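First up is the structure itself, then whatever we jot down about it.
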């Protein structure tokens, strides 16, 4: 917000009472040059992003660049609701979908720091519903051949997506079963979700491959079992309240619903249209089971505070969430060389705990530093943290699926080309 530029004491003090609640937790804005960025070069971001709006690809978006703990760029463009012609605002609430994963990973790591589990522990020790999982070998239907697991699923396999769980996104026989018997996150209890999941085969032997799936969702259930609290309640206590993330939750309260952006998708012709049946349904009520893999909503300001905490080594404004070594462990690649890149569409990328990690900048098709990390969300939200440059890149739109309109690739390069010292 303009009220948080360096001159706010002189120009904006009278307006503080009118600011939205996120103002109470604002990270200070700064002139780009004071944090080693070029104002002129950062000005290239807005027209590049506007091109996605003018072409009808995206309804609107918000972009934010922070360096050295201060905001150098924060822009909102387009509409949060095309049908009602409501503009995107700095306090707009977004479905962040899989950008929930790093937050759930942090919640689990707070318990790891307390000695509640070890990374190599079998998940069945804590979630006995998953004690007898089988692994797909071949065939389909009644002729499907399954085998026993050669080694148990470890807790670290949940963080790394190496357990063998899936999301049902491909045409494999396992994914067909996922689509037919999908665990209904939100409407089912977590216990029932686990029971349903236990009936589905793993796509591969645990620890032998990277497969994007409900791993972090299961990690969220582990957090609930170990903490004795619902996932959102535990996150509120150990993450959201200390970091003053006032607008991050598993649903949108009625008094904030007017700030909640609509979500869009392509029709059969590729035209951007309102998404009638969005994946997680109604966000106006607290779901029965809270989806640790993709259920949170948040704002740019809230997610910046979370990202800044990580960049600071686990602490923000005197509130420590994780120890520095824990954050270092989280943002370190834990995949063996044979599994790098974790998928063909991510050259140069390994995987840490709930985040991808750049391990080879020569292979990465974007400007980057080794060790930069982050993740995105299905509705085209994006986060990248660069410890080398002390830099955070955030982008949020509401268009499913991510990657259909790759504005975040432009945002990433436009950010790095603005680094001048």
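For the chain, set up a Gaussian network in which alpha carbons nearer than 10 Å are linked by springs, and say which option among 131, 105, 338 fluctuates the most.
Taking springs between Cα atoms under 10 Å, the residue moving most is 338.
Give the label of the value calculated from the structure for P(r) over Cα pairs in 20 Å bins from 0, in percent, choosing from [x] 26, 59, 14, 0; [y] 22, 50, 25, 3, 0; [z] 24, 57, 19, 0.
After the calculation, the listed value that fits is [x].
Which angle from 0 to 90°, rounded to the nearest 10, does the C-alpha axis of helix 215-227 make with the longest principal axis of the chain?
90 degrees
Enter the angle in degrees (range 0 to 90, nearest 10) between the Cα long axis of helix 45-54 and the first principal axis of the Cα atoms of the chain, meaning the one along which they spread out most.
Helix 45-54 and the main axis of the chain meet at about 70 degrees.
For helix 300-311, what angle does its Cα long axis make with the longest principal axis of the chain, in degrees from 0 to 90 and rounded to 10?
Roughly 70 degrees between the two axes.
When the chain is modelled as a GNM with alpha-carbon springs shorter than 10 Å, which of 69, 354, 270 fluctuates the most?
Comparing 69, 354, 270 in a Gaussian network model of the chain, the most mobile one is 270.
Which of these, 313, 207, 228, has the largest mean-square fluctuation under a Gaussian network model of the chain (Cα springs below 10 Å)?
Sorting by GNM fluctuation, first place goes to 228.
With 10 angstrom as the radius, rank 49, 396, 367, 88 by how many other C-beta atoms surround their C-beta, starting from the fewest.
367, 88, 49, 396
With a 10 Å Cβ neighbour count serving as the proxy for reagent exposure, in which order, fewest first, do 104, 326 appear?
Least to most surrounded, the residues fall as 326, 104.
Arranged by the count of other C-beta atoms within 10 angstrom, fewest first, what order do 112, 210, 125 take?
125, 210, 112
Is it possible to state the helix-based mean residue ellipticity at 222 nm for the chain, with each DSSP H run of 4+ residues giving -39500 (n - 2.57), the sum divided by total residues, to the nearest 500 deg cm²/dmol? What is it?
One gets -6500 deg cm²/dmol as the mean residue ellipticity at 222 nm.
Here, each number is a calculation from the coordinates, and none is a lab measurement. Everything numeric in this text was worked out from a predicted model, so none of it was measured. Virtual Cβ from ideal backbone geometry, glycine too; neighbours counted across all protein chains shown.
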